[in-house]
Every structure is written in structure tokens, then in C-alpha cells.
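See below for the structure under consideration.
Please treat every number below as a calculation from the coordinates, not as lab data. Computed from a prediction, not measured in an experiment: that's the story for all the values here. Cβ atoms come from the backbone with ideal geometry, glycine included; neighbour counts cover every protein chain shown.
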Amino acid sequence: MAHSASSTLAAAEARQSAQRPESAFQHAMRRFMRQKLAVVGLVIVLFLMVIGFGAPILAPSDYRTANLMDANKFPSAEFPLGTDAIGHDFLSRVMYGTRTSLLVGFASVGVACLVGIPLGMLAGLRGGWTDFVVMRLVEVMTAFPGLLFAIFLMTVLGAGVGNIIIVIGLTSWLTLARLMRAQLLTLREQDYIAAARSMGASDWSIAVRHLLPNAVAPVIVAITLAIPTAIFAEAGLSYIGVGINEPTPSLGKMVADSAQYIRVYWHLGLFPTLAIALIMLGFSFVGDGLRDALDPRQT
Amino acid sequence: MKDRQYLPDLVKTMRPQDRSFFTALLSRRTALKLGAAGLAGSTFLGYSSATARQSADAVMQNGELPEDAAPLEEQVLRFASDGTTAKAFDFYETVYERAGISTVFSVPLVRLNKNFEIIPGTASEWSSNEEGTIWTFKLKEGLMWSDDTPVTAADFVRTFQYSADPEHAWDFTWFWDGNILNYTEALAGEVPLEEIGVRQGANEYEVIFETVDPAPYLPAKLLYSAPLSAKALDTHGPLYNANPETCVTCGPFKLEEFSRDQQVVLTRNEKYTGDLQIPIQKIINKFAAPSTHFTMYEAGETDYMDNPAPAEIQIIQGDPEMSEQMYQGVGDFGCFYFFFDVNTSPFDDLKVRQAFSHVLDREAMQQQIWGPSGIPAPSFLAPGFPGSNTEELAGIQNFDPETAKQLLAEAGYPDGEGFPDLVLQVRGGGSPIEDATCQAYASMLAEHLNINVEIQTLDRQAFYAAMNAKPTEILFGWVSYGQDYFDPSNMLGVWLSGGRHPWSNEEYDRLVTEATSLVGDDEARLAMFQDAERILVEDVPAVFAYFATPIQMAKPYLVGPALEPDANGIQAIHWPGWELASTVLEEIYISADAPTGRQ
């Protein structure tokens, strides 16, 4: 009897569960997976993350290892992507270069988030003078051409992975701040916020428990799209010689170095260029897919 | 042309036991050493340059072109240069921001022929007092500026005063600083410009130079003495030669066009009254990024280029026709080297510096990186430069990783343990060969000594400011130095205490200072310089990497003695190249084989 009662209860729960509307995450995933390009982008990104962050295990040699007597070799069974002008295995260099690009992409967008999101929230929540000051700061920063400002900062701070992360982060927080502010300005007028306020919730509590979760979808999209931009900025800065120091591999610097060799050693330009293109494409597809999945209003 | 031999090729043809470039260059070095001794002798007391001088091997005789030359209107020379910093044409306006071709509107007191011998320029002869501190240069008479005023001592005096004027802020004052009497004080604004040691002699065709110390090398140093017109400078102000309207010249060329982002065009000065017979009637210098120079040359847009990139050299060497157009010169005998701040740990330890000197595999670099563009440098003075002693010094900074490891262990860093990570600082705008050399050396330090080296490229101006700061701000760096005048005092003077680098050695200072001023004993003088260089190499304030042997390309129709072997068998356009401090322009012409209408 008891057994029968419990099975009936379980069956009822199962039915209820089947009828329960899918979560926001499930909904977004379903929408995301419906887009072929987004899935291709995700596969590319995952693949690049595996070969980039797995480089210390997967790469044939360390990025610093060079045998001068093997310099300038074309792709072969021994060196699948050939070697560079001082005998580095080029496959290893491209793998480590991908790691550098991903690291710079993620970390610099992290810096941008740390600066942009709190400032945007502050402006959106507080309004008044706070909003005025933050927005004037955003406008002043917008007046500087991003790349030139980044070159200036890199020249002052000096080249290096740490500095390039800071510099790209500090020049790319504006979009996130503006987006977050705009989201909060809209959301804070919603009834549920007024209800929370009438129940005595603090600004902090309202921001963290009610506003942030509702504003996060477009921000995630912006972050995803900011990553390839940051990666391309690193490649550009390294290309002009103010990015990352040797021997740390940078895809942008590899492309720049190849310019003097490319008429003979085509592989030195082709493979890092392909890697940059793949990274850009992968993240752009994923970003577009996430936008469609998370923020249908913008679609 | 077909049996032309390049320096590395000479090495390859030798027996294994002799296969060192030092041996290969011995005959050339010895010959040049003798030439250098002759040069040094030519500067000594009471010597009159007119007595036994060499001269240009001019191709024009009595104004007539050689029989195989193209007609006058086709005597046009075209080349490309990076014009991003082109600002002026006169040495005493700016040294580092000159256009690709400069020193064409006046002739220095002395010139250099293709055997690196000093020959008369605007001065017909010169002599000094007993001590070698007062030098009198007699100017050729009858030479006129294009504004119909004569070239006199006043032009030289005004030019040197202008260079010392703090308001002018000339970028090469160090060259005369501490050398010409009162020059340092004038730069500091402590004495009037009129009191520097450059003045008119007994008449307006006599210039007198007074030096702080005996200066037997002064005539060689006055290769940099092409004057400005005193009248034009006072009338039109600085940079008057950068404008065709105000250009005043006493040389064979005048400024026709200076389009700052496009090109410079020089045409013949109809009022030229000098004695240089130059076949070329027009020079077109096109401004373009260096990476495009080879393409322009291939496309027939230029007649000459230098310093092709490594891959371009491979293309050239793989093409029978183009390889015939390739020449390998010695440039300015430039030495490229890694330097240390010897006053700061870990490089204050000689054993560490010695260890670093033994892991540079010059042979591998020669084979894989430098190719024909450089030869190994075991010391500072390049083969062929006076006082060069590469053969004797070759064993001091040799490639010997085992000894390097042992020395590093003795210094307290067994297998590199505890050794700090380093940053190798290099100047921006270096050639691909320089970049590859630095990267390869960093790799060798990691491989043999387990030392991590990061390479940081600095903006050129920031690099030099950091290197020259007192105390220096660069712990470990990469730079080069090439001659300004053909005397060991020039190159070795760089390493004197208080000079370019923080290294200091009393015995070295004594030898170089005494030899620099030594008058009357060439052999003893060179021996002192060689002893000094040995100290320099043994104390390792720097690891010397390579001597540049720049590659030049000249179209087959560009012919003349300038491109034929010199007295030492070297076949290339010699430093200082396409300017009137050199005899190149008298020794080259366009043959009738050139395509017409190249303009």
C-alpha cells in the first residue's frame, strides 16, 4: 500500500516536472544550438582553447626551444608547420601564440569588466552627479582613438603580457559601462524593483539580487564580442612592436616578423594569420549566437 | 663580375683548418692595415697632403663621358630611401634626419676614396704645428656658391660656430665635444661662439682648427666638414637648402624638388666652379618604406638599393641574373654587439660576462642568419679597419659552452640556478638580421646556461636615452657602432671611461688616450690601440657578434670604377656612399645598355 502511494507520488512529480517550463539557461541553450554558425564557432573556440591552453602538453616542443641549424624549414613530417628564422618549431609557436592570444583576450576583457560593469552600475543606480561624472569620463575616454591611446600606454608602461592585458582592458571598458548603465536605467523603473524598494531592500541588495541577474544577458553578449576585439588589438599592437616581448609567442608579432621572409617562407605568414582569423571567426560566431539566444529583443 | 668572391664564400673555399674568416681576410686586412698606416702618416706633422696623395678614379676626362656611356640626358640615377625622417641635406643641419642623399651642396675639406684614403676636398693641402694641436687647411681658390659669393674660410668658421650654438641643438655635437678648443664651453653657453677653435688663418682661404689635445687624426675626422654658406645661413636662416627657392650650393648639384612624402630631385648646378667631374646629371631619390625597396628595384623603378631582407637575398642568390647585380661591401665597419652594465649585478662579475661570451655560436649564426650580410665579430675593430686584430683576439670570446657553464658555476650560478631572469633591450627599427640574432642568442643562453631572457624593443629615442643615461638604465642591451672617421681612436673612443658605456678600465683609457694623441710613430700607435682592444675583449663589457657587410644591388648598366674591386679586392660602393665626402659619384655612370626614358 505504502509502495503504491509513493509510486503514485513519484509519477505525479514526474508529470509535473515534464510540464514545468524550461529554465532561462535551457531556453538560451536551445536557441543557441539551433544556430549552425554559432555551433561551428563554439567548436572552433573549444578547439583553440584545447590547443592553446594545452600547448605545454600537446606542443612538440617548448616555445623557447630553437635549433639554429633547423632554421627556415618548410612544413614537413618533422616540422608540420615548418620552422622560423632561428629554428623554432612553428607548430609549437603557433600553439603557444594561440594561448597568448586567448589569455590576453580573456584577461583583458576581465579587466574591462572589473572597470566597466561597476562604473556602469554606479551610474545607472545612483544617477545624478555620479551618473554625470561617470558619463563625462566615458565621453573623454571615447574622444581618444583607442589604438593610439593603447600605443601611448604601451610605450609608457613597456611591452609585456601583463601590461598589454591592462592596456587593452583600460581601453575597452567603455562599452560595458554604457551597456550596464543603460540596462539599469530601464530596469530600475520596473514594478518589481519598486516592490522590492517598498519592502525596504537596500540599493546594494536591489542591485545584486534583482538588477544584475536581469541585466546580465546583453552584457554576456558584449563580453563575448569584446574578446575577439581584444585579441585583434593584441595582434595589432604586437605587429607594430609595442605588444608582447620575445620569446613569448604572439600571433601578431609572428605575422609582423614574417613580412621580411614571406616571399620565400610563406608558411611564416600563413599559419599565424590563419590562427588569428580562426580565433576572430570563432568568437564572433559564438558572440552572435549568444546575442540571438540571450537577447531576442536585439535580434 | 663572375669571379667576384663574397667574404663568406672565401671562407668556404678554404681548407677546414684554415676555415676561419680571419684567415680569409688576412691579406685584405694586412693590406688595409698598411693603407691605414699610410693614412695615419698622412696626418702627421708638417705633412703636405699635396705631396703624395691618392685621388678619385674619375671616369670623365676633360668633361667627356666614356665611350660606352649613355648620353648625358640619360645619366640619371634613381634610388629609394625611407623618407619618414628626411628633413635636411646638410650634415651640420642634422645628422640623423637627413634625406637619403646628402652632402651634395658642398664638399668637405677632405674626402675618402674607394681605398679609404683621405684625399683633398675643398682643402688643397693641410699641415699642423709640432704638437699636432693647430691645423691649417688651405682652401682651393675660385670655388663659388651659386649666389655668386666665393667659398672662403668664413663659411667653415660660421658652420662650426653654428654647430656649437646651443640654440641650434645640433644632434651630433658629441663628435667635436672635447676635441675642438672651447667647443664644450660654447655648447654650455659659457664662451661666445667666436671663441671656438675654428678661425680664419692668414687669409680668407685658410682655415685653422685648434684642438684641446694633439689630434693626428683630425684630417680624417674632417671628412665631416662640408660647409654651409655663411651668407645663406644669415640671410635665409636654418634649413635654407631644404627649399629649392633658397638653396645655395657650391657643389655639382642643386635642389630641384623636395616633396616630403614623395621624392627628392637633384639636378646639375650650372654655376658649379669646382673640379669634380661627375657623369650623373640628375639624381632622383624616391621616398618609400624599406620593405618596398626590393620590389621597386625588381620592377626597374630604381637603379640601386642596399640592405635587402634575408628572404630577398635568397631570391637574389637563386636568380643568376640578379646575383650578378649583388655586391658585398664593408659599410662603415660597423660592429653589432650585446653590452652589459658592468656596475650592476650580475654583470659586475667578470665570470658571468665571460660565460655569456662563450655561448654565442657565431659560426651557426653566420650560416643561418647573417649570410652575406655579416661576418663574425670576435672583437670590436672590423677586419680592414686600422688596428684591427681579429685573428689574434679570436680565441677570447670564442664559442665554448662547457667553459661557459663552468664559469657560471664559479660565479655562483651552477646550471643557471639563482640567476635572475633578464630583459635584453634592443632599439626599434632594427633589421630582421638584428632581430633574429637577438632571438637566437636568447635561445642559446637558455639552452647552454639555463638563463631566461626576454627581449624588449624600445623606441629608438627612448633606447638611446636609456643607454646614454648616467648611470645607464640598460642592464643588458644590443646596439651597434660604425666608424665616423678612419682611425682606431674613433671606434675605441666609444669605450673610454665616461663614454657610451659604463665600463671603465684605467689601462685601457691610458692606452687609447695616449695613442690617440701620439704623433710620429705609427707602429707604436697601432700597437697601443691593439693592446687596448685586447683589454676590451678580455674584460667583456660586451659580447661582440658580427661586423656588417651590407649587401648592395646595382643594375648592370650602372658601371664604373666605384663598382670595381678596390686595392683590397672588395667590390662594392664604399662608405660614405653617394655623397661628396666620397668619390663614388665621380666613379660611376650609366652605360648605353640602360633602358631609355628611365625617368
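Points to keep in mind about this one:
- Alpha-carbon centroids, the range B:95-113 and the range A:149-163: separation in whole Å: 38
- Three-way shape label, the range B:232-365, alpha-carbon gyration tensor, a/c 1.5: oblate
- The magnitude of the dipole of the protein assembly as shown, with charges of +1 and -1 set on the Cβ of Lys/Arg and Asp/Glu and taken from the Cα centre, is near 4900 debye.
- Pair B:ASP261, B:THR235: separation of 7 Å Cα→Cβ label points (nm): 3.3
- Estimated FRET transfer efficiency when R0 is 22 angstrom, pair B:SER504-B:GLU410 (beta carbons, to 0.05): 0.40
- Stokes-Einstein diffusion for the range A:26-153, with the hydrodynamic radius set to the Kirkwood value over Cα pairs and evaluated at 20 °C in a medium of 1.002 mPa s, equals 114 µm²/s.
- Theoretical ellipticity at 222 nm over the protein assembly as shown - DSSP helices of four or more residues, -39500 (n - 2.57) apiece, nearest 500: -13000 deg cm²/dmol
- Exposed-site-free run, longest, chain B (rule: GluC sites (Glu not before Pro); DSSP loop; at most 16 other C-beta within 10 Å): B:474-599
- Taken along the Cα-to-beta-carbon direction at a fixed 7 Å, the label points for B:GLN317 and B:ASN468 span 3.7 nm.
- Assigned charges on the beta-carbon of Lys, Arg, Asp, Glu; chain B dipole about Cα centre (debye): 700
- Check: the range B:411-502 dipole with +1 on Lys, Arg Cβ and -1 on Asp, Glu Cβ, in debye: 360
- Working from the Cα coordinates of the range A:119-269, the gyration tensor eigenvalues give, after taking √(5λ), semi-axes of 42, 16, 11 Å in decreasing order.
- Gyration tensor verdict on the range B:426-572 (Cα atoms; rounded if a/c is under 1.5, prolate if a/b is larger than b/c, oblate otherwise): oblate
- Of all DSSP-defined beta bridges confined to the protein assembly as shown, some 75% are antiparallel rather than parallel.
- Potential lengthening between B:VAL191 and B:GLN461 on full extension [0.36 nm per residue; Cα-Cα distance subtracted]: 94.2 nm
- The protein assembly as shown - Rg over Rh from alpha carbon coordinates, Kirkwood radius: 1.07
- Inter-chain shielding of B:458-469 (mean C-beta neighbours from other protein chains, 10 Å cut-off): 1
- The slack in the chain from B:GLU210 to B:ASN243, taken as 0.36 nm per residue of separation less the alpha-carbon distance, amounts to 8.5 nm.
- Debye log10 I(q)/I(0) for the range B:68-168, one point scatterer per Cα, at q = 0.18, 0.19 Å⁻¹: -1.19, -1.25
- Förster radius 60 Å - calculated FRET efficiency between A:GLN26 and B:PHE172, Cβ distance, rounded to 0.05: 0.25
- Once both labels are positioned 7 Å from their Cα atoms along Cα-to-Cβ, the gap between A:VAL43 and A:ALA194 label points is 5.0 nm.
- Dipole-positive endmost among B:VAL453, A:SER101, B:ALA465 within the protein assembly as shown (Cβ charges, Cα centre): A:SER101
- Averaged over the residues of peptide B:436-444, the number of Cβ atoms from other protein chains lying within 10 Å of each residue's Cβ is 6.
- Over chain B, the ratio between the Cα radius of gyration and 2.2 N^0.38 Å evaluates to 0.96.
- GNM flexibility winner over chain A from A:SER101, A:SER76, A:SER198 (Cα, springs under 10 Å): A:SER198
- Fluctuation leader among A:ARG188, A:ARG209, A:ARG31 - chain A, Gaussian network, Cα springs under 10 angstrom: A:ARG209
- The range B:159-246: C-alpha gyration tensor shape, a/c 1.5 cut-off, then a/b vs b/c: prolate
- The HN-Hα couplings worked out from phi for the range B:169-175 by the Karplus form 6.51 cos²θ - 1.76 cosθ + 1.60 (θ = phi - 60°) are 6, 4, 8, 9, 4, 4, 5 Hz, whole numbers, x standing for Gly and Pro.
- Taking all pairs of distinct alpha-carbon atoms in the range A:31-72, Kirkwood radius in angstrom: 12.8
- Across all Cα pairs in the range B:359-472, the calculated P(r) in 10 Å bins from zero up to the longest distance comes to 13, 32, 40, 16, 0 percent per bin.
- Shielding value for A:260-267 is 5, the average number of Cβ atoms from other chains within 10 Å of each residue's Cβ.
- Within chain B, percent of DSSP bridges classed antiparallel, to nearest 5: 75
- Two-decimal log10 I(q)/I(0) for the range B:365-411, as the Debye equation yields it once each C-alpha is a single scatterer, q = 0.17, 0.19, 0.27, 0.28 Å⁻¹: -0.66, -0.76, -0.98, -1.00
- Modelled FRET efficiency - R0 41 Å, B:MET296 with A:MET135, Cβ distances, 0.05 increments: 0.20
- Among A:LEU237, A:LEU148, A:LEU125, the residue with the largest mean-square fluctuation in a Gaussian network model of chain A, with springs joining Cα atoms closer than 10 Å, is A:LEU148.
- Percent of Cα pairs in the range B:471-516 per distance bin of 5 Å, from zero to the largest separation: 4, 19, 28, 24, 16, 7, 1.
- Database remark: amide H of A:ALA85 closer than 5 angstrom to the amide H of A:ASN72 (H placed geometrically; neighbours at sequence offset of 5 or more, or on other chains; Pro and chain starts carry no H).
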